[in-house]
1. Does SER115 count as of a type outside the set (Phe, Trp, Tyr), surrounded by fewer than 16 Cβ atoms within 10 Å (Cβ to Cβ), farther than 14 Å from LEU3 by Cα and without any contact (Cβ under 8 Å) to a residue 12 or more places away in the chain?
2. For region 93-102, how many residues meet the condition of being loosely packed, with under 14 Cβ neighbours inside 10 Å and either within 10 Å of the chain's Cα centre (by Cα) or not charged (D, E, K, R) (or both)?
3. Which pairs turn up if I take residues in region 3-23 that are under 19 Å from TYR104 (Cα atoms) and polar (S, T, N, Q) and look for partners that are open to solvent by less than 60 Å² (accessible area, probe 1.4 Å) and part of a loop (DSSP other than H, G, I, E, B) with beta carbon separation below 7 Å, at least 6 apart in sequence or on another chain?
4. Going by what's in this entry, would ARG37 be described as touching a residue at least 12 places away in the same chain (Cβ under 8 Å) and of a type in the set (D, E, K, R)?
5. So TRP105 ticks every box in (1) buried (at least 18 other Cβ atoms within 10 Å of the Cβ); (2) of a type in the set (Phe, Trp, Tyr); (3) within 11 Å of the chain's Cα centre (by Cα) but one. Which box is left unticked?
Amino acid sequence: VQLQASGGGLVQPGGFLRLSCASSGSIGSINTMGWYRQAPGKQRELVAAEPSGGSAVYADSVKGRFTISRDNAKNTVYLQMNSLKPEDTAVYYCNIYADFRNNYWGQGTLVTVSS
C-alpha cells in the first residue's frame, strides 16, 4: 500500500492550499482517513480526521479554516486549508487506518506560510 500526498507549497498568510492524498494497493477496510502535521522541533499532531461513517474531527487551531473530505471510491483524502497562518507551516502527512490494525502514512508534503 502506498499513499501519495501532494499539493503543498509556499503561500502567503491568508492564502489557501488544497492537499490531496491518493492511495494505491490493497488497503482493506478503511476505518479513518486523516491528516497530521509536524512543524520543525515539534511533535507530529493531528490536524483533521474523518472516520468512515462518522463526523470529522479537527484540531482546535484549524477549526473553521480547514476542511477534510474524502472520495471513498478512490480511497483519496483531501484537506482544504483556508486563511493560512505562519503557524500552519509544517510537513503534512496523510494517514489511513484500516482493518483496525494497519496504519499507513504518506511521505509528507511541505506547507510553508510566509510573506
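1. It is false that SER115 is of a type outside the set (Phe, Trp, Tyr), surrounded by fewer than 16 Cβ atoms within 10 Å (Cβ to Cβ), farther than 14 Å from LEU3 by Cα and without any contact (Cβ under 8 Å) to a residue 12 or more places away in the chain.
2. Taking region 93-102 as the starting set, the residues that turn out to be loosely packed, with under 14 Cβ neighbours inside 10 Å are 99-101.
Next cut, either within 10 Å of the chain's Cα centre (by Cα) or not charged (D, E, K, R) (or both) only: 100.
So the answer is 1.
3. Between residues of region 3-23 that are under 19 Å from TYR104 (Cα atoms) and polar (S, T, N, Q) and residues that are open to solvent by less than 60 Å² (accessible area, probe 1.4 Å) and part of a loop (DSSP other than H, G, I, E, B), the close pairs are GLN4/GLY106; SER20/GLY7; SER23/ASN75.
4. So ARG37 passes the test.
5. (1)
The values are calculated or read from the model by the stated rules, or taken from the named source; none is laboratory data. It should be emphasised that the depicted structure is a prediction, and the values quoted were computed from it without experimental measurement. Cβ atoms come from the backbone with ideal geometry, glycine included; neighbour counts cover every protein chain shown. Accessible surface areas use protein heavy atoms only, side chains included; no ligands, DNA or RNA. Shrake-Rupley method; radii C 1.70, N 1.55, O 1.52, S 1.80 Å.
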